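The values are calculated or read from the model by the stated rules, or taken from the named source; none is laboratory data. These figures come from a predicted structure and were not determined experimentally. Neighbour counts run over all protein chains shown; Cβ positions are idealised from the backbone, glycine included.
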Amino acid sequence: MLSEKQLAANRANAQKSSGPRTEEGKQRSARNALRHGLTAQVTVMTDADREAQEAFCRPIIEELDPQSPNELQLAQAYANLQWRINRLAAIEENVFTLGALDSPDPDDPLCDARTFLQNAASLNTLSIYNHRLIAESEKILKQFLHFRAVRLNDVVSRKTEKEAELKEAARMYRQSVACRVPFDPQKNGFVCSMAEIHDYLRRRAASRTPSTDAAEQKFRSATAKSAA
């Protein structure tokens with residue numbers, strides 16, 4: 001265990017440090033500022049590569065149009081996986097490009113075959129990684145679509161319930177008008193407001209057909225008789 005005197009000496013030496021002096025050391029130090037991910041999925045790249053990744057992922061996320069935190073998380077994961085799939089394809093292309101550059105005759109039709117045989121293990125590893133990323137992206141997309149379907153079904157369900165409430169509230173309101181008695185939606189157990197009821201009746205009136213007009217006339221006649 002270090003003594004207090006040794007610790008003080010170490011701190012003093014650290015203050016005197018001017019950082020790396022050689023070009024190699026400076027390059028290593030510059031990498032300390034590179035952004036990276038968390039947990040096991042660590043990505044280290046330059047600022048230019050990071051900007052390219054964000055430019056690639058942004059339209060994919062915008063097209064998926066996430067509307068909740070869960071949807072946003074899955075959309076970002078899916079876009080990042082597509083970026084990694086494309087990056088693997090680029091690495092594979094670069095392997096064959098390097099093989100052509102090392103060949104005395106890049107136009108030799110056997111050049112690619114020779115490069116493959118020389119890098120078969122690495123290319124096989126790339127293929128395995130590629131299949132894993134594709135499978136993972138399909139899984140993520142399936143989860144995203146599930147969350148979206150649940151959200152949309154919930155919206156439709158709430159809309160249906162709202163319409164049913166407005167229909168019943170409008171019916172009771174019209175009866176109250178026919179009987180010349182005040183009508184308060186909240187006192188009758190409704191959540192909707194009078195403004196919403198009037199808007200509902202206007203929408204109904206705008207969509208009337210001859211059959212609905214006949215039903216309306218029948219309702220009015222029955223209401224008038226009961227009021228008399």
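Miscellaneous remarks
- Per this entry, Asp65 is counted among residues that are free of Cβ contacts under 8 Å to residues at least 24 places away in the same chain, closer than 29 Å to Leu145 by Cα and within 32 Å of the chain's Cα centre (by Cα).
- Every residue from the stretch 131-150 that is within 10 Å of Leu81 (Cβ to Cβ) and in contact with a helix residue (DSSP H, G or I) (Cβ under 7 Å, 6 or more places away or on another chain): Leu133, Ile134, Glu136, Ser137, Ile140, Leu141
- Candidates in the stretch 156-179 are the residues that are surrounded by fewer than 11 Cβ atoms within 10 Å (Cβ to Cβ) and not charged (D, E, K, R); of these, the one that is farthest from the chain's Cα centre (by Cα) is Ala164.
For (1) under 30 Å from Ala77 (Cα atoms); (2) in contact with a helix residue (DSSP H, G or I) (Cβ under 9 Å, 6 or more places away or on another chain), each residue gets a yes or a no:
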residue: Asp154; (1), (2): yes, no
residue: Gln175; (1), (2): no, yes
residue: Arg180; (1), (2): no, yes
residue: Lys187; (1), (2): no, no
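- Members of the stretch 100-150 that are surrounded by fewer than 14 Cβ atoms within 10 Å (Cβ to Cβ), among the small types (Gly, Ala, Ser) and either within 19 Å of Leu72 (Cα to Cα) or under 22 Å from the mean Cα position of the chain (by Cα) (or both): Ala135, Ala149
Rundown of residues vs (1) in a helix (DSSP H, G or I); (2) at pLDDT 85 or above; (3) in contact with a Leu (Cβ under 7 Å, 6 or more places away or on another chain), yes/no style:
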position	(1), (2), (3)
Arg132	yes, yes, no
Ser137	yes, yes, yes
Lys142	yes, yes, no
Ala169	yes, yes, no
Ala215	yes, no, no
